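The values are calculated or read from the model by the stated rules, or taken from the named source; none is laboratory data. Computed from a predicted model, the values in this text were never measured in an experiment. When we count neighbours, we look across all protein chains shown, and the Cβ atoms used for this are built from the backbone with ideal geometry, even at glycine. When the accessible area is computed, the model is the full protein with side chains, heavy atoms only, and any ligands, DNA or RNA have been set aside. Shrake-Rupley method; radii C 1.70, N 1.55, O 1.52, S 1.80 Å.
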Amino acid sequence: MPAFWAAYDALPPGDDITRGRALVATWFTPMIDAYRAARIGRVDLARWLAVFDPVAAPARRLSAALPALWCARITHFRGVLPDAALDVPALSFVSFLNFDAATRPWRGRVGLFFGLDMMVLLHGEAVGPLLDHERFHMYHHEVNPSLILPGGDPLWLGIWKEGMAVHATAVLNPGLPRRAIFLGDAALAEAGPALFRRIAAELPDRLHETTGEARARYLAHGYRGDIPARSGYALGAAIVDRIAQGRDLAALARIPAAEAQALVRAQLAAMAR
């Protein structure tokens, strides 16, 4: 991200509105194609600067360290899953608080976008588990195109994919504390049968949802309600753990979408009892 840091360091003195307008001209507008690909539209740069300025120093360190760390994690990943692609389209930038990492269609492929600002705010500089989590999402699509559905991911598939990525992070990092496997989220690390029973009982009629409140309740980081945010991650991981016996990570990744949906529904029925 040298170009970003050059633009950031060259911001004029003054209030955050003035600095934000300058950053639109020198960074956001020249990078607009990447931001559109990442599904980032209008941003409040003045608000973002107030949040980002205090973490700029660790973000700069992570920016410098990320290429080598990413290469090291890719090498480790291929040691476990040797059929994983070597060429992984990835871009690091600031996501203006939209996400820490996200996969998106990009230049005819599935690309990975790293949001350095949210990475530092959510994870500090210890981002190895996050890189493994996101790399597995990409691998999952590489080896199993049946998971790319034309109408977008229904809720059951989001739960399956996130559960698989959590499971993969644990496999790739044996001995890693459960909280680290859940990317620092203590509530998800502590989730157990009582929460799963409750969620499993309310999910069957919502599993087909592709947008809106239902997906946000179980998968959105910013959800605030009567269950922990992103509870679907923990539920999905529990489902994968229940069906993983006798299947290695490569085999699990190749379970076709129709079979995965049936497994999710069957495990939810069992958990709800």
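Going by the structure shown, is HIS141 closer than 19 Å to THR210 by Cα, surrounded by fewer than 20 Cβ atoms within 10 Å (Cβ to Cβ) and touching a residue at least 12 places away in the same chain (Cβ under 8 Å)?
Yes.
Any idea how many residues of region 125-138 are open to solvent by 50 Å² or more (accessible area, probe 1.4 Å) and free of Cβ contacts under 8 Å to residues at least 60 places away in the same chain?
So the answer is 1.
Where the second residue is of a type outside the set (D, E, K, R) and assigned to a loop (DSSP other than H, G, I, E, B) and the first is touching a residue at least 60 places away in the same chain (Cβ under 8 Å) and closer than 17 Å to HIS167 by Cβ and lies in region 72-83, which pairs have Cβ atoms under 6 Å and are six or more apart or on separate chains?
Filtered contacts from region 72-83: PHE77/ALA84.
From ASP16, ASP33, which residue is within 30 Å of GLY108 (Cβ to Cβ), charged (D, E, K, R) and out of contact with any Phe, Trp or Tyr (no Cβ under 8 Å at 6 or more places or on another chain)? Quick ask: steps written out before the conclusion?
Values: ASP16 fails: within 30 Å of GLY108 (Cβ to Cβ).
The conditions single out ASP33.
For region 242-265, how many residues meet the condition of being under 21 Å from the mean Cα position of the chain (by Cα), charged (D, E, K, R) and in a helix (DSSP H, G or I)?
Result for region 242-265: 0.
Could you please tell me which pairs satisfy a Cβ distance under 9 Å, a separation of 6+ or placement on different chains, a first residue in region 199-216 that is more than 13 Å from GLY232 (Cβ to Cβ), and a second residue that is open to solvent by 70 Å² or more (accessible area, probe 1.4 Å)?
Here the result reads PRO204/ARG265, each pair linking region 199-216 to a residue that is open to solvent by 70 Å² or more (accessible area, probe 1.4 Å).
Residue by residue through region 91-148, note down the ones that are of a type in the set (Phe, Trp, Tyr) and touching a Pro at 6+ places or on another chain (Cβ under 8 Å).
At the first step, the residues of region 91-148 found to be of a type in the set (Phe, Trp, Tyr) are 93, 96, 99, 106, 113-114, 136, 139.
Within region 91-148, TRP106 is the sole residue that qualifies.
If a residue must be open to solvent by 60 Å² or more (accessible area, probe 1.4 Å) and either closer than 22 Å to THR103 by Cα or within 24 Å of the chain's Cα centre (by Cα) (or both), how many such residues does region 3-49 contain?
Of the residues in region 3-49, 8 are open to solvent by 60 Å² or more (accessible area, probe 1.4 Å) and either closer than 22 Å to THR103 by Cα or within 24 Å of the chain's Cα centre (by Cα) (or both).
Which residues, counting only those in region 176-203, are surrounded by 14 or more Cβ atoms within 10 Å (Cβ to Cβ), part of a helix (DSSP H, G or I) and not basic (Lys, Arg)?
Scanning region 176-203 gives ALA180, ILE181, ALA187, LEU188, ALA189, LEU195, PHE196, ILE199, ALA200, GLU202.
Tell me which residues, restricted to region 65-109, are farther than 21 Å from VAL171 by Cβ and part of a strand (DSSP E or B).
Result: ALA90, LEU91, SER92, PHE93, ALA102, ARG104, PRO105, TRP106, ARG109.
Please find, within region 212-241, the residue that is farthest from ILE159 (Cα to Cα) out of those that are open to solvent by 50 Å² or more (accessible area, probe 1.4 Å) and not in a loop (DSSP other than H, G, I, E, B).
GLU213
Given (1) open to solvent by 50 Å² or more (accessible area, probe 1.4 Å); (2) closer than 26 Å to ARG107 by Cβ, identify the lone condition not met by ASP53.
Unmet for ASP53, out of (1) open to solvent by 50 Å² or more (accessible area, probe 1.4 Å); (2) closer than 26 Å to ARG107 by Cβ: (2).
Within the bounds of region 87-105, is there any residue that is open to solvent by 50 Å² or more (accessible area, probe 1.4 Å), closer than 30 Å to PHE136 by Cα and among the aliphatic types (A, V, I, L, M)?
no
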